[in-house]
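Written below as structure tokens is the structure these notes are about.
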Amino acid sequence: MIVALSVVAEDFRRYGWTIETTGDGVDLITGEQIAAIELTGSVAAGVRRYLRANNLSGPVIEVPGPQRREIHLVVGVAKAARAIESLCAAGAIVHTDGDRIPLPQPGRGIAWSIMPHEARWVPPVVAIAAAVRAVAAGDRARLRTVAC
């Protein structure tokens with residue numbers, strides 16, 4: 001098991017990510033190079049559609065549970081204070097500054113929705129913030145068109 005985990009860790013390190021092996025798997029350590037944005041429910045679904053439609057999708061981890069929960073890996077957090085602020089205001093959880101993100105492996109109960117090698121890039125946090133704004137604007141527009 002330890003040898004298998006070290007192979008998995010090395011695979012993720014080739015992306016330039018800081019990785020630590022734990023007793024139950026491999027964790028991504030967030031920082032200036034890589035961070036994660038956690039979205040839930042209809043916002044997660046809308047963001048996924050927006051990113052796919054605009055060819056902006058990057059690596060995404062799906063977390064099982066009663067409602068949709070996704071963790072989008074992102075770059076560019078060091079210069080995106082306003083984007084991070086808007087994401088937090090919209091209910092997103094921003095993982096950075098040493099937060100640990102468990103990476104999918106058998107037995108962990110989480111899975112890649114878009115694996116790193118399937119993604120054309122790791123999007124900047126501002127792209128996720130724009131997607132969240134677009135989803136929110138679409139929701140507001142739909143509310144305005146409902147007859148009262």
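The table that follows gives values for the structure above.
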{"quantity": "Identity of the residue in segment 41-70, part of a loop (DSSP other than H, G, I, E, B) and polar (S, T, N, Q), that ends up nearest to residue 90 (Cα to Cα)", "calculated": "67"}
{"quantity": "Evaluation of residue 10 against (1) surrounded by fewer than 17 Cβ atoms within 10 Å (Cβ to Cβ); (2) touching a residue at least 60 places away in the same chain (Cβ under 8 Å) (one fails), failing number", "calculated": "(2)"}
{"quantity": "Options 74, 122, 94, 132: the member that is at pLDDT 95 or above and part of a helix (DSSP H, G or I)", "calculated": "132"}
{"quantity": "Test result for residue 94, over 20 Å from residue 126 (Cβ atoms) and surrounded by 13 or more Cβ atoms within 10 Å (Cβ to Cβ)", "calculated": "no"}
{"quantity": "Condition met for residue 89 (modelled with pLDDT of 90 or more, over 18 Å from residue 115 (Cα atoms) and open to solvent by 80 Å² or more (accessible area, probe 1.4 Å))", "calculated": "yes"}
{"quantity": "Residues (basic (Lys, Arg) and closer than 22 Å to residue 115 by Cβ) located in segment 31-84", "calculated": "48, 49, 52, 68, 69"}
{"quantity": "Flag if residue 72 is open to solvent by less than 80 Å² (accessible area, probe 1.4 Å) and either farther than 24 Å from residue 138 by Cβ or among the β-branched types (Val, Ile, Thr) (or both)", "calculated": "no"}
{"quantity": "Residues being farther than 26 Å from residue 88 by Cβ and open to solvent by 60 Å² or more (accessible area, probe 1.4 Å) - total across segment 16-40", "calculated": "3"}
{"quantity": "Lone unmet requirement of (1) touching a strand residue (DSSP E or B) at 6+ places or on another chain (Cβ under 6 Å); (2) free of Cβ contacts under 8 Å to residues at least 12 places away in the same chain for residue 79", "calculated": "(1)"}
{"quantity": "Any hit, segment 101-115, residues being within 11 Å of the chain's Cα centre (by Cα), aliphatic (A, V, I, L, M) and at pLDDT 95 or above", "calculated": "yes"}
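The values are calculated or read from the model by the stated rules, or taken from the named source; none is laboratory data. Nothing here was measured: the structure is a model prediction, and the numbers come from that model. Positions of Cβ are backbone-derived with ideal geometry, glycine not excepted, and every protein chain shown enters the neighbour counts. Just so you know, the surface numbers come from the protein's heavy atoms only, side chains and all, with ligands and any DNA or RNA stripped out. Shrake-Rupley method; radii C 1.70, N 1.55, O 1.52, S 1.80 Å.
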